[in-house]
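Data block below; observations after.
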Amino acid sequence: KAGVTQTPRYLIKTRGQQVTLSCSPISGHRSVSWYQQTPGQGLQFLFEYFSETQRNKGNFPGRFSGRQFSNSRSEMNVSTLELGDSALYLCASSSPNRGTYEQYFGPGTRLTVT
Amino acid sequence: AQSVTQLGSHVSVSEGALVLLRCNYSSSVPPYLFWYVQYPNQGLQLLLKYTSAATLVKGINGFEAEFKKSETSFHLTKPSAHMSDAAEYFCAVNPMKTSYDKVIFGPGTSLSVIP
């Protein structure tokens with residue numbers, strides 16, 4: 001079974017621009033969560049989508065948004081990029097029906113804002 | 001507030017030596033517990049999980065962890081370190097056993113293996 005895939009793997013953007021990251025979950029997984037990982041803050045939860053609906057949202061500004069499509073693929077968007085948005089963005093998929101809430105992570109997208 | 005601590009941001013062991021990575025959590029009820037490993041430029045890979053079944057949990061790559069309720073700990077061990085074990089290790093706790101926004105990740109421990 002193919003794992004979680006994320007595209008692109010690396011991005012370099014300029015302050016003020018916007019960016020869209022993509023995540024394809026494991027086949028059959030309907031929950032997709034996004035995390036931001038930085039050396040200073042560690043792993044921080046951004047949001048979770050399930051069946052095309054945002055189910056939970058972390059403590060991030062409205063510049064961070066996302067969506068999920070009917071095939072469970074998800075995108076996240078960051079508008080008006082700031083230097084502090086430089087991070088590794090991880091997507092994780094899961095099947096909550098299994099009841100254990102274990103997550104399977106993709107390789108991440110490394111975003112650098114200059 | 002719920003928290004996860006990992007004692008030692010960096011641990012070094014010799015190849016073939018015991019690996020012990022510590023994780024303590026604060027939770028009023030036994031949570032779900034996870035250990036993940038992250039290799040450079042990669043995402044997190046699930047090593048093992050505790051979900052209120054056996055307290056000694058075996059995972060992939062020869063790792064295991066023991067849930068000790070009295071100590072609120074979930075330490076990760078491996079009898080004999082291999083060079084390929086060098087990576088960052090994260091302990092994670094889901095205190096409410098529900099949605100992912102409640103999952104708390106520890107700060108991570110970087111494991112170095114000395115040949």
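Where a number appears in this text, it was derived from the coordinates with a stated rule and is not lab data. These numbers were taken from a predicted model, which means no experiment stands behind them. Positions of Cβ are generated from backbone atoms using ideal geometry, with glycine treated the same way; all protein chains shown enter the neighbour counts.
Below are the figures for this structure:
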quantity: Efficiency of FRET between B:E15 and A:T7 - r from beta-carbon atoms, R0 22 angstrom, step 0.05; calculated: 0.05
quantity: Shielding by partners - mean other protein chain Cβ count within 10 Å, residues of B:39-51; calculated: 4
quantity: Cross-link pairs A:K13/A:K57; B:K49/B:K69; B:K49/B:K78 - those with Cα-Cα distance over 19 Å; calculated: A:K13/A:K57
quantity: Estimated FRET transfer efficiency (B:Q42, B:S70; beta-carbon r; R0 35 Å; 0.05); calculated: 0.50
quantity: Assigned charges on the beta-carbon of Lys, Arg, Asp, Glu; the protein assembly as shown dipole about Cα centre (debye); calculated: 460
quantity: Quarter of the Cα convex hull surface for the stretch B:11-105, i.e. its orientation-mean projected area (nm²); calculated: 6.3
quantity: Loop-resident sites, the stretch B:39-115, for trypsin sites (Lys or Arg not before Pro), counting at most 11 other Cβ within 10 Å (DSSP); calculated: B:K69
quantity: FRET efficiency, A:T114 to B:S80 (Cβ-Cβ, R0 41 Å, nearest 0.05); calculated: 0.40
quantity: Other protein chain Cβ atoms within 10 Å, averaged over every residue that makes up A:82-90; calculated: 1
quantity: Loop-exposed trypsin sites (Lys or Arg not before Pro) per DSSP, neighbour cap 13 Cβ within 10 angstrom, longest uninterrupted part of chain A; calculated: A:64-114
quantity: Chain B: relative contact order in percent, alpha carbon pairs under 8 Å with at least 6 residues between; calculated: 37
quantity: Compactness of the protein assembly as shown, expressed as Rg and Dmax over alpha-carbon positions, Å; calculated: 17.6, 51
quantity: Around A:N71: net Lys/Arg minus Asp/Glu count, Cβ-Cβ under 15 Å; calculated: +1
quantity: Projected label distance in nm at B:S110 and A:F69, using a 7 Å step from Cα toward the beta-carbon; calculated: 3.8
quantity: Sparsely packed GluC sites (Glu not before Pro) within the stretch B:1-89, loop by DSSP, other Cβ within 10 Å at most 15; calculated: B:E15, B:E71
quantity: Peptide-level mean, for A:31-43, of C-beta atoms on other protein chains within 10 Å; calculated: 3
quantity: Cβ charges +1 (Lys, Arg) and -1 (Asp, Glu), total dipole of chain B, debye; calculated: 320
